[in-house]
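Beneath this line is the structure, given in structure tokens, with notes to follow.
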Amino acid sequence: MASSSHSLASSAFFSTTPARKLPGSDRFPLTKSLLCRKIPGFSSSTVSVPVCCSNYASSDEKFSSGKKIVDSIFVACTSVALSFSLFLADVDSASAFVVTSPRKLQTDELATVRLFQENTPSVVYITNLASRQDMFTLDIFEVPQGSGSGFVWDKNGHIVTNYHVIRGASDLRVTLADQSTYDAKVVGFDQDKDVAVLRIDAPIDKLRPIPIGISADLLVGQKVFAIGNPFGLDHTLTTGVISGLRREINSAATGRPIQDVIQTDAAINPGNSGGPLLDSSGNLIGINTAIYSPSGASSGVGFSIPVDTVSGIVDQLVQFGKVTRPILGIKFAPDQSVEQLGVTGVLVLDAPPNGPAGKAGLLPTKRDSYGRLILGDIITSINGKKVSNGTDLYRILDQCKVGEKVIVEVLRGDQKEKIPVVLEPKPDES
């Protein structure tokens, strides 16, 4: 079939149809001749195009009219065929300008995009305002002195963030993901763990609580995601992995150690503080609280307070407005001073008589009538757990409860003594 078509297209020949008579003339038969030509764009077939009509003549006007009709049909068919062939011939060149569809995202990319879209409505922007007085007009006005991130804890309007984000604020404003802004009230805070709880009066349909996860089963190397508002920008997402567990940092407010901190290489910049750290399922596993960087920008070492610690603190702040953490009721010397004395432990500088340690009989450091320094008790262990410095002391007390009786072993002079002490709650500092 292909060979016959090719020969047919390459050699023009005439096919003659049987003659038919025209009206008014029985003497002159009309013979139609068709020329078979190959049309560009048709590779496997041929198209018969009427080329001319010959061998007819008539003195009759009707015969002349018929010739004109045939000529008109020929011109019309030729125009259509040429137009169609030009259209097909340009298809290949036109296809070069067709834009291909964008490459599809990979599965892990889609999961990250979905996580950001689903959790962004739970993350808020917090503005810390401070009151200032104009030195000329004496008018009081508010100026922003800091900002940070936070997240919605429940449908009651509770917002969780870092304490250092709200420290020193005269007023606080919370901006939700839809850019609506509300005045916030401080429910309570825990300076030792750098956690604070705010509350806003926002419609329930605008509050999207963040899913709460657990931090006890975290593993080094698993993916984490940090959402926040660095540098006052809109919501941003940074990714990384858990690079360390059970780290210990000091609270920026009190210097008290925070244990079991999560270390991550996800970028945590100024403004990310108070924002959530999420696992790959989109569940909260920590609060971004600090970075280790001389320049103040992310250097690949960020720290987050684990959610297991945060949950207990938030529950107490929401219920009581404060954290009932046990204390010994002492002031102790810096660790360097004790090391210079050549001993190991915590040197008691002061033990107020109305505090737990004072009531139990621990002796503070004082001067005698001649101005000589008399060292107080040096705490060496609590409940049999060795105390080498102030960090050890805090770590042990964090594992105790208010009202619990502990056995404090002290070095008094050259003698060791064991003194029972009943722990009391930390005074209200609000």
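The values are calculated or read from the model by the stated rules, or taken from the named source; none is laboratory data. Everything numeric here is computed off the predicted structure, so don't read it as measured data. Here the Cβ is made from the backbone with ideal geometry for all residues, glycine too, and neighbour counts use every protein chain on show.
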Search result, residues across segment 172-198 that are basic (K, R) and either out of contact with any Lys or Arg (no Cβ under 9 Å at 6 or more places or on another chain) or modelled with pLDDT of 95 or more (or both): R173
Residues satisfying the stated conditions in segment 346-360, i.e. outside any strand (DSSP E or B) and either touching a strand residue (DSSP E or B) at 6+ places or on another chain (Cβ under 6 Å) or crowded, with 22+ Cβ neighbours inside 10 Å (or both): A351, P356, A357, A360
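Find the residue count for segment 251-260, including only residues that are within 23 Å of S147 (Cβ to Cβ) and either loosely packed, with under 15 Cβ neighbours inside 10 Å or not hydroxyl-bearing (S, T, Y) (or both).
So the first thing to find is which residues in segment 251-260 are within 23 Å of S147 (Cβ to Cβ), and the list is 251-254, 258.
Narrowing the set further to residues that are either loosely packed, with under 15 Cβ neighbours inside 10 Å or not hydroxyl-bearing (S, T, Y) (or both) leaves 252-253, 258.
The number of residues fulfilling the criteria is 3.
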Within segment 299-345, considering residues that are of a type in the set (D, E, K, R) and over 30 Å from V160 (Cα atoms), the one surrounded by the most Cβ atoms within 10 Å (Cβ to Cβ): D335
Out of D183, D205, sole residue that is within 18 Å of N119 (Cβ to Cβ), among the charged types (D, E, K, R), assigned by TED's automatic domain parsing to the domain that holds G271 and not in a loop (DSSP other than H, G, I, E, B): D205
Pick from segment 267-288, criterion out of contact with any Phe, Trp or Tyr (no Cβ under 9 Å at 6 or more places or on another chain) and polar (S, T, N, Q), ranking: surrounded by the most Cβ atoms within 10 Å (Cβ to Cβ): S273
Output for segment 404-426, where each listed residue is free of Cβ contacts under 8 Å to residues at least 24 places away in the same chain and in a loop (DSSP other than H, G, I, E, B): G413, D414
Failed criterion for V406 (all others in (1) at pLDDT 85 or above; (2) out of contact with any strand residue (DSSP E or B) (no Cβ under 8 Å at 6 or more places or on another chain); (3) not aromatic (F, W, Y) hold): (2)
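Go through the residues of segment 369-380 one by one and say whether even a single one is within 47 Å of the chain's Cα centre (by Cα), farther than 30 Å from T239 by Cβ and not aliphatic (A, V, I, L, M). Show your work before the answer.
Filtering segment 369-380 down to residues within 47 Å of the chain's Cα centre (by Cα) leaves 379-380.
Checking the rest, the ones that are also farther than 30 Å from T239 by Cβ come to 379-380.
Filter again for not aliphatic (A, V, I, L, M), leaving 380.
Scanning segment 369-380 turns up at least one residue that is within 47 Å of the chain's Cα centre (by Cα), farther than 30 Å from T239 by Cβ and not aliphatic (A, V, I, L, M).
For I378, are the conditions met, namely being aliphatic (A, V, I, L, M) and surrounded by 12 or more Cβ atoms within 10 Å (Cβ to Cβ)?
Numbers: aliphatic (A, V, I, L, M): yes; surrounded by 12 or more Cβ atoms within 10 Å (Cβ to Cβ): yes.
The answer is yes for I378.
Would you pick out the residues in segment 155-180 that are among the aliphatic types (A, V, I, L, M) and assigned to a loop (DSSP other than H, G, I, E, B)?
Residues of segment 155-180 that are among the aliphatic types (A, V, I, L, M), as a first pass: 159-160, 165-166, 169, 172, 174, 176-177.
A169, L176, A177 - these are the residues of segment 155-180 that are among the aliphatic types (A, V, I, L, M) and assigned to a loop (DSSP other than H, G, I, E, B).
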Sole residue being under 45 Å from the mean Cα position of the chain (by Cα) and either in the same structural domain as F151 (by TED's automatic domain parsing) or buried (at least 16 other Cβ atoms within 10 Å of the Cβ) (or both), chosen from T264, T365: T264
Conditions (1) over 45 Å from the mean Cα position of the chain (by Cα); (2) part of a strand (DSSP E or B): number failed by G342: (2)
Residues satisfying the stated conditions in segment 302-315, i.e. in a helix (DSSP H, G or I) and either touching a Leu at 6+ places or on another chain (Cβ under 7 Å) or without any contact (Cβ under 8 Å) to a residue 24 or more places away in the chain (or both): V307, G312, D315
